[in-house]
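A quick write-up on the structure given underneath.
The values are calculated or read from the model by the stated rules, or taken from the named source; none is laboratory data. Predicted model only: the values in this text are computed from it and were never measured. With ideal geometry, Cβ positions are generated from the backbone for all residues, glycine too; neighbour counts draw on all protein chains shown. Accessible surface areas use protein heavy atoms only, side chains included; no ligands, DNA or RNA. Shrake-Rupley method; radii C 1.70, N 1.55, O 1.52, S 1.80 Å.
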Amino acid sequence: MSDAIQLIRRFALALCTWREARGEPLLGKLLVAQTIENRVTDPRWPDTYIGVITQPLQFSAFNKNDPNVTAYPSELDRQWPDCVAAADFVLTAPSPLTKANHYHTTAISPTWAKPDKVVDRAGAHVFYAL
């Protein structure tokens, strides 16, 4: 795999993690990144990071109406290094941290959220294997 493709994967995964979980502890960032990775490797979703992340209505920070859709970290952002570290860890880990392929914040209760499918919790996020 080319260095350029690896950089694109790393940036896309780190950016989505930053947009979705920048206020979360490191574990929350790791679990968000792993959830994306789990979708990339699952035949039910696109097989690329960009394909998974930008799939309509899947990651709210990439929805047209979400204020995060145009947000990018500054070089001084304190959360960005942890988001990059989470992406790097997930991209190189020998095994997944979680089986989650869905998550939401505790501020919402989506219809697809089934209590018996919860596999992890971190910060304000609940993770599911569906």
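Helices meeting the span-like rule in the chain (full DSSP H runs, Cα extent of at least 24 Å along the helix axis, mean Kyte-Doolittle score of 0.0 or higher): 3-21.
Here's the list of aspartates and glutamates a cross-link from LYS29 could span, going by alpha-carbon distance under 12 Å and ignoring same-chain residues fewer than 8 apart: GLU20, ASP82, ASP88. The residues of the range 20-101 have, on average, 57 Å² of accessible surface per residue, using a 1.4 Å probe with all protein chains present.
Coupling constants for the range 99-116 follow from the phi torsions by the Karplus curve (6.51 cos²θ - 1.76 cosθ + 1.60, θ = phi - 60°), and in residue order they are 9, 4, 10, 9, 7, 8, 7, 5, 6, 10, 9, x, 5, 7, 6, 10, x, 6 Hz; glycine and proline get x. Distance distribution note for the chain: the fraction of Cα pairs above 19 angstrom is 45%. Taking only protein heavy atoms and a 1.4 Å probe, the accessible area of the chain is 57% carbon and sulfur.
Here's the list of lysines a cross-link from LYS117 could span, going by alpha-carbon distance under 17 Å and ignoring same-chain residues fewer than 8 apart: LYS99.
Close amide H partners of VAL119, meaning residues 5 or more places away or on another chain with modelled amide H under 5 Å apart, are PHE127, TYR128, ALA129.
Just to confirm my numbers, what's the Cα centroid distance between the range 65-129 and the range 1-49 in Å? For the range 65-129 versus the range 1-49, the Cα centre distance is 9 Å. Under the rule of -39500 (n - 2.57) per DSSP H run of 4 or more residues, summed and divided by the residues of the chain, what mean residue ellipticity at 222 nm is obtained, to the nearest 500 deg cm²/dmol? Mean residue ellipticity, 222 nm, calculated: -12500 deg cm²/dmol.
Under the combined filter of DSSP loop state and at most 12 neighbouring Cβ atoms within 10 Å, the range 7-101 retains these GluC sites (Glu not before Pro): GLU75.
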